[in-house]
Amino acid sequence: MELGISQKDLAGMTDLTPGFLSQIERDLAEPSITSLRKIARALNVAVFYFLMGDDGNRMVVKRNERQKLVFHDTHMTYELLSPDLNRQMEMFMGELEPGAATCEEPLPHPGEEVTHVLRGQMWIRVGDMEYTLEEGDTIYYQGSLPHRIMNRGEDLLVFISTITPPLF
């Protein structure tokens, strides 16, 4: 409403139905990460924007105070490690269960990203290149290149990503 965009307009911008958007608004449906990214992109906000409260200008994020996104249908969890999205970068921790992926198709975003594997084995496609990273490995890439992360291992994949500007 603040942007003057109707539900029908937003539906057209996201390829989602007005009915589905209405269900999300009323907490009757849980969007997939792909749908949430489409909505965030159409509204020109970061995905974590939907969870942000007005906490002022915090510098510290305690473990039990992290903003958390859980996608049960895709077996993914993201926790915001930076205090808010009003900075020049954002940092989050991702967890992917075996076989889970960050998105259906590789997706781009503005800016740059660096991802570090804390635990497990990561398969990542960046543009036309594919990489397998192990615990302790790091990859840096331009966000404008479509990318997708997948857990092809047998154990939980845990990684930290830093993105600038904060648009995840």
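Sub-7 Å Cβ pairs linking a first residue in segment 1-16 that is farther than 17 Å from PRO31 by Cβ to a second residue that is surrounded by 14 or more Cβ atoms within 10 Å (Cβ to Cβ) and of a type outside the set (Phe, Trp, Tyr), at least 6 apart or interchain, are LEU3/LEU43; LYS8/PRO18, ordered by first then second residue. Of the strands (runs of 3 or more DSSP E) lying entirely inside segment 1-119, those containing at least 3 residues that are within 20 Å of ILE139 (Cβ to Cβ), modelled with pLDDT of 85 or more and touching a Ser or Thr at 6+ places or on another chain (Cβ under 9 Å) span 90-96, 112-119. Checked against (1) surrounded by fewer than 17 Cβ atoms within 10 Å (Cβ to Cβ); (2) farther than 20 Å from ALA40 by Cα, PRO108 passes all but condition (2). For GLY143, indicate whether it is modelled with pLDDT under 95 and closer than 20 Å to SER82 by Cα. It is true that GLY143 is modelled with pLDDT under 95 and closer than 20 Å to SER82 by Cα. Residues in segment 121-168 that are exposed (fewer than 15 other Cβ atoms within 10 Å of the Cβ) and in contact with a helix residue (DSSP H, G or I) (Cβ under 6 Å, 6 or more places away or on another chain): none. Among the residues of segment 76-99, the one identified as in contact with a His (Cβ under 8 Å, 6 or more places away or on another chain) and crowded, with 19+ Cβ neighbours inside 10 Å is LEU96.
The values are calculated or read from the model by the stated rules, or taken from the named source; none is laboratory data. Everything numeric in this text was worked out from a predicted model, so none of it was measured. Note that we place each Cβ from the backbone using ideal geometry, even for glycine, and neighbour counts take in every protein chain shown.
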